[in-house]
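Peer 1: Structure below; questions to follow.
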Ligand code: CA
């Protein structure tokens, strides 16, 4: 990965047996599994193990060239402090604009653009989720056939709304997350809310006047069905009430048509999950190249996953477009450091057992592979958790690395297209937004042929360059944004929304 590296990973399916002679004459002293590291040179005890040109650990013992370098041989370097970072040094690469790229999207009244035309049902509290789920099933079965331009119904179920410390300072995060998800561009400005009635998160607290301008055909206020309303006599009446309100929104959504819009209307969230040592070699560099293309086309790209980029903070603050952006990044990381410390988090708990089986020794190595999804452009803004992005270009959306929480927060930030890379394999999907899944290895892409949308393993196989993979990804993203369905959409595969609630539960 870098000229200074003293380890490299085995790309071959199934790994390599002892005695294998590599192209430069190095002989493997033991079996090395696929994606795992082999020492290219003798490394002294206490010496730096270098991958991506950075020390990912110190050797616990002398490691001879040709040995398997696994996590048990490495001491993890300490986390870098947030002091004395290089701030906005001009490290971001500004490339010429890319003109003429477009897709077919749904233009919304607020100027945003949807890649899907979905009816969302916002819920103030988990208590209503069962009733809303049944109503949504009825809407799908009975109403959707009458509104063929509507792609689906999304019941925005979550665990929040009551039994929580709603006035705690950090409660602002889950509340604004729910508010901003209701505004997601894929929901066409139609906001239907189902409330229980007695919950802490009252509809007017979730969506105060003016919080979502131009919603509901200009009505500028949410359409609320309250289950405890005296008008509802029994369960059937509640379901009927929701279905009746859904008709009004479906009629407006159904009248919409896709139109040609510039690629600058894309708001792409990039994420990884179930990573392996290939992630930073194939899928993430291809995504990074595509990120640069999207930024050149004027689009918004958000990268996230605070705990998985924390060890690369110096690269990120250097790439910030301004000192203010670098400061905002440091602020978010410091907040997260404190949050983790409050919970006595062990830094070695990320990586997962699967990451380790996939050759990732520790969080430093994982972070170096994760961060390349962000490409090389200057970082022009920071989106705090649950906030909506308000500018174009490359943004750091501060979120946990949890796949579901990151996806949920990127939806709140206004994401209309999601790119997700995986090496171990996960069937991840979101109901509110198409998810393009990228495999890091050809073996995974073959085995999960009807789940993976892109095989970046071809880069390691020598069949494709990172540049070719990045361009191909861009073309696929424009097609998916225009309505082409992903594998997850074809199977109706999706995960739940999971809110980030750092505040206490009562
Ligand atoms: Ca993740």
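Peer 1: I'd like to know if the stretch 435-458 contains one or more residues that are assigned by TED's automatic domain parsing to the domain that holds residue 309, within 18 Å of the chain's Cα centre (by Cα) and closer than 30 Å to residue 161 by Cα.
Peer 2: yes
Peer 1: Further question on the same structure: Looking at (1) within 16 Å of the ligand (Cβ to nearest atom); (2) modelled with pLDDT of 95 or more, which one does residue 311 not meet, given that it meets all the others?
Peer 2: (2)
Rundown of residues vs (1) over 16 Å from residue 154 (Cα atoms); (2) modelled with pLDDT of 95 or more, yes/no style:
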{"position": "186", "(1), (2)": "no, yes"}
{"position": "189", "(1), (2)": "no, yes"}
{"position": "218", "(1), (2)": "yes, no"}
{"position": "235", "(1), (2)": "yes, yes"}
{"position": "249", "(1), (2)": "no, yes"}
{"position": "260", "(1), (2)": "yes, yes"}
{"position": "264", "(1), (2)": "yes, yes"}
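Peer 1: Restricting attention to the stretch 106-123, does a residue exist that is modelled with pLDDT of 95 or more and under 30 Å from residue 45 (Cα atoms)?
Peer 2: No, the conditions are met nowhere in the stretch 106-123.
Peer 1: Any idea how many residues of the stretch 111-146 are assigned to a loop (DSSP other than H, G, I, E, B) and closer than 25 Å to residue 418 by Cβ?
Peer 2: Initially, the stretch 111-146 is screened for residues assigned to a loop (DSSP other than H, G, I, E, B), giving 111-112, 115-117, 124-125.
Those still in the list that are closer than 25 Å to residue 418 by Cβ too: 111-112, 115-117.
Counting residues in the stretch 111-146 that are assigned to a loop (DSSP other than H, G, I, E, B) and closer than 25 Å to residue 418 by Cβ gives 5.
Peer 1: Still on this structure, I have one more. Free of Cβ contacts under 8 Å to residues at least 40 places away in the same chain and not in a strand (DSSP E or B): is that true of residue 390 in this structure?
Peer 2: Values: free of Cβ contacts under 8 Å to residues at least 40 places away in the same chain: yes; not in a strand (DSSP E or B): yes.
For residue 390, the condition - free of Cβ contacts under 8 Å to residues at least 40 places away in the same chain and not in a strand (DSSP E or B) - is met.
Peer 1: Another one. Does the stretch 474-489 hold any residues that are assigned to a helix (DSSP H, G or I) and surrounded by fewer than 18 Cβ atoms within 10 Å (Cβ to Cβ), and which are they?
Peer 2: Applying the first criterion (assigned to a helix (DSSP H, G or I)) to the stretch 474-489 yields 474-481, 487-489.
If the condition is that a residue be assigned to a helix (DSSP H, G or I) and surrounded by fewer than 18 Cβ atoms within 10 Å (Cβ to Cβ), then 475, 479 are the ones that fit.
Peer 1: While we're looking at this one, here's another question. Give all pairs with beta carbons closer than 7 Å in which a residue from the stretch 305-322 that is farther than 11 Å from residue 371 by Cα and touching a residue at least 24 places away in the same chain (Cβ under 8 Å) meets a residue that is in a helix (DSSP H, G or I) and away from the ligand (no atom under 16 Å from the Cβ); count only pairs at least 6 apart in sequence or on separate chains.
Peer 2: Here the result reads 317/326; 317/329; 317/330; 320/326; 320/329, each pair linking the stretch 305-322 to a residue that is in a helix (DSSP H, G or I) and away from the ligand (no atom under 16 Å from the Cβ).
Peer 1: Within 12 Å of the ligand (Cβ to nearest atom) and more than 20 Å from residue 432 (Cβ to Cβ), is that true of residue 274? Give the steps one after another, and end with the answer.
Peer 2: Details: within 12 Å of the ligand (Cβ to nearest atom): yes; more than 20 Å from residue 432 (Cβ to Cβ): yes.
Judged against the criteria, residue 274 is a match.
Peer 1: Could you please let me know if residue 414 is more than 16 Å from the ligand (Cβ to nearest atom), assigned to a loop (DSSP other than H, G, I, E, B), in the same structural domain as residue 449 (by TED's automatic domain parsing) and in contact with a strand residue (DSSP E or B) (Cβ under 8 Å, 6 or more places away or on another chain)?
Peer 2: Details: more than 16 Å from the ligand (Cβ to nearest atom): yes; assigned to a loop (DSSP other than H, G, I, E, B): yes; in the same structural domain as residue 449 (by TED's automatic domain parsing): yes; in contact with a strand residue (DSSP E or B) (Cβ under 8 Å, 6 or more places away or on another chain): yes.
In short, yes.
Peer 1: Given the conditions (1) in contact with a helix residue (DSSP H, G or I) (Cβ under 8 Å, 6 or more places away or on another chain); (2) buried (at least 18 other Cβ atoms within 10 Å of the Cβ), report the number of the one that residue 73 does not fulfil.
Peer 2: Here residue 73 clears every test but (1).
The values are calculated or read from the model by the stated rules, or taken from the named source; none is laboratory data. All figures in this text were calculated on a predicted structure; none of them were measured in a lab. Here Cβ is always computed from backbone atoms with ideal geometry, including for glycine, and neighbour counts include all displayed protein chains.
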